[in-house]
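What follows is a short report on a single structure.
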Amino acid sequence: MRTCLVVDDSRVIRKVARRILEDIGYEIAEAADGMEALAWCRAAMPDAILLDWNMPVMTGIEFLRKLRAEPDGEAPVVVFCTVENDLDHIREALEAGANEYIMKPFDGDIIADKLVEAGL
Amino acid sequence: MTPTDIAQVVSLCRARAGLKVAPDKTYLIESRLAPVARREGYDSISDLLAAVRARRDDPLVWSVVEAMAAGESAFFRDRAPFREFRDEIVPQLKRARGGAPIRVWSAACGAGQEVYSLAMLVGEMLESDPDLRIDLAASDLSRLALERAQGGVYNQFEVQRGLPIRLLAQHFEKEGEQWRLASDVRARVKWRRINLIAGLRQIGRFDVVLCRYVLSCMTEDAQRKVIDDLACIVPEDGYLVLGVKEQLGSIAHAFEPVVGRPGLYRRNPAFAAAAA
């Protein structure tokens, strides 16, 4: 089964995303900030990461830059999922190595579509 | 809405646009016509339809039919047809046309996502093949839809339906909470109002016609008429693209499916004699 790490400091968002992703066949791990996510990735690199931008301890963009520098860190498909919805943020995410980008609010169709778009 | 109102909508749509409206889908009819009633200054849908009956006012009739004809769309809907367009259809037609433009028509274009997906794709193809000549045309029954499509403005949900983020960043600018497609992409498309059942044989040759998720909303008579007309404007080496889940079935005589390519049809050579 493919694995997806859901990284968001909101427990509600993690829960919503988990339900959607489980429905389309992913096994889910959760992290509440970038630091926790990095620890997860070092233990077991997921196939996909759904990543919030604004989080305490370590933001999504900081996490992404660190992830892409890790051994095997190029492997996971990273999809940002954030309220940041301007071109500056989108371009910054793409330059840091994001594969896709979801602007909140999202629905199940958008998540499923973006993962396929990103190659999964 | 009364049964008479519903019967009137069903019959108007069939007569004017060959549109098949299911009389039991009251909620659909109401959700489409409520905005029309508001826009035209009527208190209710029944008032709007009474005015249509009383005045036989053509623009008012069309505003009802056009609202019922509207469909949902998405950028790069179904994905595969766009890959086939780029990798199979265009290379083959380019060889066959020897420098003459390949003419492509997006029929019933709605808010324009399909034809703009093609326009962005053609832009990428031109980067590796500057000699490529592709003319893009788009049509819809609805004047409102055409106006919207030409503006190229979409909300946040719409730009997240099928559009890769890379293309959003490359071709769109944010205006408030909306996203506007760049003018160079919009300028690749020519627009026309076309009623598919009003006769298509005068509109000229089209090498590729995309008519996706349209025929399945039409009556069988209307479908047959559209297909027969398309057979006269699509050359023998041209293509008709339907929705991947759409099948022509018994009305397919003018076109035949391309094996392994759901929704893709070629002219049926056996039909050429009959059309001529």
Could you list, in sequence order, all residues of the range B:216-246 that are of a type in the set (Gly, Ala, Ser) and outside any helix (DSSP H, G or I)?
B:Gly238, B:Gly243
Yes/no for B:Ala111 being under 30 Å from B:Val21 (Cα atoms), within 19 Å of the chain's Cα centre (by Cα), at pLDDT 95 or above and not in a strand (DSSP E or B)
yes
For the range B:151-187: of the residues being of a type in the set (Lys, Arg) and more than 10 Å from chain A (Cβ to nearest Cβ), which is nearest to the chain's Cα centre (by Cα)?
B:Arg186
In the set A:Val79, A:Val83, which member is within 12 Å of another protein chain (Cβ to nearest Cβ) and surrounded by fewer than 18 Cβ atoms within 10 Å (Cβ to Cβ)?
A:Val83
Is one or more of the residues making up the range B:242-259 modelled with pLDDT of 95 or more, β-branched (Val, Ile, Thr), in the same structural domain as B:Arg97 (by TED's automatic domain parsing) and farther than 21 Å from B:Phe85 by Cα?
no
Go through the range A:71-100 and give me each residue that's closer than 25 Å to B:Glu175 by Cβ and without any contact (Cβ under 8 Å) to a residue 24 or more places away in the chain.
A:Asn85, A:Asp86, A:Leu87, A:Asp88, A:Ile90, A:Arg91, A:Leu94, A:Glu95, A:Glu100
I'd like to check something: does the range B:128-144 contain any residue that is part of a loop (DSSP other than H, G, I, E, B), out of contact with any Cys (no Cβ under 7 Å at 6 or more places or on another chain) and within 14 Å of chain A (Cβ to nearest Cβ)?
no
Residues being outside any helix (DSSP H, G or I), free of Cβ contacts under 8 Å to residues at least 40 places away in the same chain and among the charged types (D, E, K, R) - total across the range B:166-215:
6
Which residues, counting only those in the range B:66-88, are part of a helix (DSSP H, G or I) and crowded, with 22+ Cβ neighbours inside 10 Å?
B:Glu66, B:Ala67, B:Met68, B:Ala69, B:Pro81, B:Phe85
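Listed here are the residues, each with its yes/no results for (1) surrounded by 21 or more Cβ atoms within 10 Å (Cβ to Cβ); (2) closer than 15 Å to A:Leu87 by Cα; (3) among the hydroxyl-bearing types (Ser, Thr, Tyr).
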position	(1), (2), (3)
B:Leu118	yes, no, no
B:Glu124	no, no, no
B:Glu127	no, no, no
B:Gly151	no, no, no
B:Glu158	no, no, no
B:Gln178	no, yes, no
Filter pass, A:Leu120 being surrounded by 18 or more Cβ atoms within 10 Å (Cβ to Cβ), modelled with pLDDT under 95 and away from every other protein chain (no Cβ under 11 Å):
yes
Is it the case that B:Lys190 is among the basic types (Lys, Arg) and more than 28 Å from B:Ile102 (Cβ to Cβ)?
no
Just to be sure I understand, how many residues within the range A:97-114 are crowded, with 18+ Cβ neighbours inside 10 Å and in a loop (DSSP other than H, G, I, E, B)?
3
So which residues in the range A:86-96 are within 12 Å of another protein chain (Cβ to nearest Cβ) and either at pLDDT below 95 or assigned to a loop (DSSP other than H, G, I, E, B) (or both), if there are any at all?
A:Asp86
For the structure I just gave you, tell me whether B:Val104 is surrounded by 20 or more Cβ atoms within 10 Å (Cβ to Cβ), under 14 Å from B:Arg77 (Cβ atoms) and within 13 Å of the chain's Cα centre (by Cα).
no
Regarding B:Gly123, is this residue assigned to a loop (DSSP other than H, G, I, E, B) and in the same structural domain as B:Gly260 (by TED's automatic domain parsing)?
no
For the range B:112-122, state whether one or more residues are closer than 22 Å to B:Glu72 by Cα, hydroxyl-bearing (Ser, Thr, Tyr) and more than 14 Å from chain A (Cβ to nearest Cβ).
yes
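The values are calculated or read from the model by the stated rules, or taken from the named source; none is laboratory data. These numbers were taken from a predicted model, which means no experiment stands behind them. We place every Cβ from the backbone using ideal geometry, glycine too, and count neighbours over all the protein chains shown.
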